[in-house]
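The values are calculated or read from the model by the stated rules, or taken from the named source; none is laboratory data. Small disclaimer: the values here were computed from a predicted structure and weren't measured. In this analysis, Cβ positions are derived from the backbone assuming ideal geometry, glycine residues included, and neighbour counts consider all displayed protein chains.
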Amino acid sequence: MSATAPTPVAPQFDAGIAPGRRIGLVVLSSDQVGEAAFRGIVEAAGAHCFSTRVLYRYSESREDEEDRELAEAVGQILPEAGIDVLAYSCTSRSAQKGEQAMIDLLAGARPSTPATTPLTAAQAALTRLGARRIAVVSPYKRSVHETVVRAASAGGREVVRSSCFDLGLGTDFARLQPEIIAQAAIAAAGDDTDAVFISCTGIRATAGIEQIEAATGRPVVTSSQALAWHALQLIGMPDAPGPGRLFARNR
């Protein structure tokens with residue numbers, strides 16, 4: 001059999017995958033929950049998630065090194081094709097560094113791309129819901145929890161009640177039972193709050209939003225839900241569907 005030259009085929013191109021709806025997501029190396037929760041919401045809405053991971057050492061003494069690694073990870077998400085919004089999936093790190101400082105770090109790594117964090121997103125979500133008096137529930141150790149509570153109360157918002165599970169390991173976050181998270185949120189809601197904020201993308205809180213809202217009569221904002229909602233807002237999808245009263249406000 002004689003070899004033949006290949007027949008040239010003229011290529012035809014389109015705009016690729018999800019043009020205008022590409023979301024870059026940075027998750028921690030230990031994450032078992034947040035990426036799946038975020039991806040489930042945004043991709044059901046018609047956007048597409050491109051993710052990368054970054055090591056988080058839980059050490060303030062190595063913050064500069066963590067910042068460099070985060071900036072490098074951000075730069076590795078579709079560097080040629082580009083993304084339309086950048087989402088960083090760690091609430092506690094955003095609170096510890098400072099909300100604006102974290103946004104500035106992300107913007108420095110992708111200057112032309114709007115960015116959000118769970119803390120930035122939660123603040124926007126609570127404002128959208130008109131929530132001034134809130135309860136905060138988290139899995140963190142008390143010192144980290146208190147940092148998140150202070151951050152959540154920025155802009156004149158009042159945290160009237162909070163509770164934490166006092167956990168130190170990210171692997172324990174993923175093992176925390178959803179039913180226990182829901183019970184803690186229901187107990188924290190009380191009769192004097194406008195909303196409940198469940199902090200941390202590493203816990204299985206998002207699937208229980210409707211249950212908690214039904215039990216308390218209060219809107220519930222979780223870190224992963226808020227991050228997905230805000231990312232969709234930033235890429236111009238204000239009517240996107242999703243869990244809870246937060247997304248119901250879109251419709």
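Tabulated data
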quantity: Hits in the stretch 152-194 (condition: among the small types (Gly, Ala, Ser), within 19 Å of Ala37 (Cβ to Cβ) and crowded, with 19+ Cβ neighbours inside 10 Å); calculated: Gly170, Ala182, Ala184, Ala185
quantity: Inter-residue pairs, beta-carbon under 6 Å, first among the hydroxyl-bearing types (Ser, Thr, Tyr) and in the stretch 174-200, second in a helix (DSSP H, G or I), 6+ apart; calculated: Ser199/Thr91; Ser199/Val148; Ser199/Ser223
quantity: Filtered residues of the stretch 127-143 (kept if under 23 Å from Phe247 (Cα atoms) and either among the acidic types (Asp, Glu) or not in a helix (DSSP H, G or I) (or both)); calculated: Leu129, Gly130, Ala131, Arg132, Arg133, Ile134, Ala135, Val136, Val137, Ser138
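A quick yes/no check of all residues on (1) over 27 Å from Lys141 (Cβ atoms); (2) of a type in the set (Val, Ile, Thr); (3) not assigned by TED's automatic domain parsing to the domain that holds Ala154:
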site	(1), (2), (3)
Ala5	yes, no, yes
Val33	no, yes, yes
Ile41	yes, yes, yes
Ser51	no, no, yes
Asp67	no, no, yes
Gln76	yes, no, yes
Ala87	no, no, yes
Arg93	no, no, yes
Met102	no, no, yes
